[in-house]
Amino acid sequence: SGYEGSAYQAIHPESFPNDPFMSITRPMMWSLLYLVVRLVGELWLDDRLTIVVFAGITAVTLVGLDQTVKLFGARQAGERAAMLALMLLGHQILMNGGALVTHLEFASATFAGPVNLWLLYASLAGRSPRLVLPLMFLSPLVAVKQAAMPVLIALIFLWRDRLGPRGKGIAAVVAGATVVLSLAAYYGFFRPPDDSHARLFDFRLRQDEAESNPFWNPLINNLQFLALCLGGLLIRGLHPSLVARVRIIAGLGLAVWLLGGVYLSFAPDALKIPYVGAFNVSRMLWWTQYVLFVAIGV
């Protein structure tokens, strides 16, 4: 179950023959990571290599965190060390991992951490699209589920900061048309006439439980998340441009929490789309928590 066997199968595609749960084309394998694994070959299965790779990922991630801390205004060595110490802890409010680099499994999500943290830093700092756009494209190539919130945040900031009134209008029309055409294609071609997709939606939701639906977390956890977002909305003391960005991220987190929780909890069968349900809302909200912890901590 989970990611077990994926690295071995990337190196040996002929493995697990006739196993319907271990198809080489299953979505779990749709990651740039497994292309790298296949190119490295048997050496990837040696812990002496992967521990070095994991240490490298952690170092790149901590540098990205330190850059974000400095961006928010913590310049002194002691301040930066305190923030690094704070964020080295796991901050799981909702069931979403809550670690800078996940240590649960050595899989695509492990590599998504540094990519997404650097994408968030570049977006918060208002860096050039020449830096932001490559990170935006790289993130879903590494892990689609981990990419949803960081890419959405980056798109919002690019739309807000880089486009004029006409460009914003065109982008809004394109986004709306994309949603409408996607729904039309789904209901017109991909959704079967029976209730199998609704049952698949329910099955996946029961599998992921609180990791997917934030409302299925304990009440105290949801209240803590709301308090954190409220802190982001009320934040003071940062540069005005950063205050605005933090408030946008806090507001977006609240919107995703509310809309995602309502949809996953109460959607009628006709609106249950398993492809949408696969984007675990609780996991998406970790990236909101990361930004708010750093901003409020500084």
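The values are calculated or read from the model by the stated rules, or taken from the named source; none is laboratory data. Values in this document were obtained by computation on a predicted structure and should not be read as measured data. Positions of Cβ are generated from backbone atoms using ideal geometry, with glycine treated the same way; all protein chains shown enter the neighbour counts. Protein only, heavy atoms only, side chains kept; ligands, DNA and RNA dropped before computing areas. Shrake-Rupley method; radii C 1.70, N 1.55, O 1.52, S 1.80 Å.
A few comments on the model shown:
- Filter result (free of Cβ contacts under 8 Å to residues at least 60 places away in the same chain, over 18 Å from Ile51 (Cβ atoms) and not hydrophobic (A, V, I, L, M, F, W, C)) within the stretch 107-122: Tyr121
- The residues in the stretch 13-45 that are open to solvent by less than 40 Å² (accessible area, probe 1.4 Å), assigned to a loop (DSSP other than H, G, I, E, B) and of a type outside the set (Gly, Ala, Ser) can be counted, and the count is 2.
- When restricted to residues that are open to solvent by 30 Å² or more (accessible area, probe 1.4 Å) and either touching a residue at least 24 places away in the same chain (Cβ under 8 Å) or part of a helix (DSSP H, G or I) (or both), the stretch 222-241 contains 10.
- All conditions in (1) in contact (Cβ under 8 Å) with a residue 60 or more places away in the chain; (2) open to solvent by less than 40 Å² (accessible area, probe 1.4 Å) hold for Ala244, with the sole exception of (1).
- Taking residues in the stretch 173-202 that are surrounded by 10 or more Cβ atoms within 10 Å (Cβ to Cβ), and partners anywhere that are outside any helix (DSSP H, G or I), the pairs with Cβ atoms closer than 6 Å and at least 6 places apart or on different chains are His197/Arg191; Ala198/Lys272; Phe201/Lys272.
- Leading residue by the ranking (most open to solvent (accessible area, probe 1.4 Å)) among those in the stretch 253-270 that are within 20 Å of Glu211 (Cβ to Cβ) and of a type in the set (A, V, I, L, M): Leu259
- Residue count for the stretch 271-280 satisfying the condition of being in contact (Cβ under 8 Å) with a residue 40 or more places away in the chain and in a helix (DSSP H, G or I): 3.
- Checked against (1) under 27 Å from Leu254 (Cβ atoms); (2) surrounded by fewer than 22 Cβ atoms within 10 Å (Cβ to Cβ), Glu105 meets all criteria but (1).
- Which numbered condition Asp66 fails, given (1) open to solvent by 60 Å² or more (accessible area, probe 1.4 Å); (2) among the acidic types (Asp, Glu); (3) free of Cβ contacts under 8 Å to residues at least 24 places away in the same chain: (1)
- The stretch 87-106 residues that are on the phi > 0 side of the Ramachandran plot, paired with ones that are part of a loop (DSSP other than H, G, I, E, B) and surrounded by fewer than 13 Cβ atoms within 10 Å (Cβ to Cβ) (beta carbon under 9 Å, 6 or more apart): Gly97/Gly90; Gly97/Leu104; Gly98/Leu89; Gly98/Gly90
- Set Ala172, Ala184: member being hydrophobic (A, V, I, L, M, F, W, C) and at pLDDT 95 or above: Ala184
- Test: residue in the stretch 121-143 that is open to solvent by 50 Å² or more (accessible area, probe 1.4 Å), touching a Lys or Arg at 6+ places or on another chain (Cβ under 8 Å) and in a helix (DSSP H, G or I): no
- Of residues in the stretch 49-99 being over 23 Å from the mean Cα position of the chain (by Cα) and assigned to a loop (DSSP other than H, G, I, E, B), the one modelled with the lowest pLDDT: Arg75
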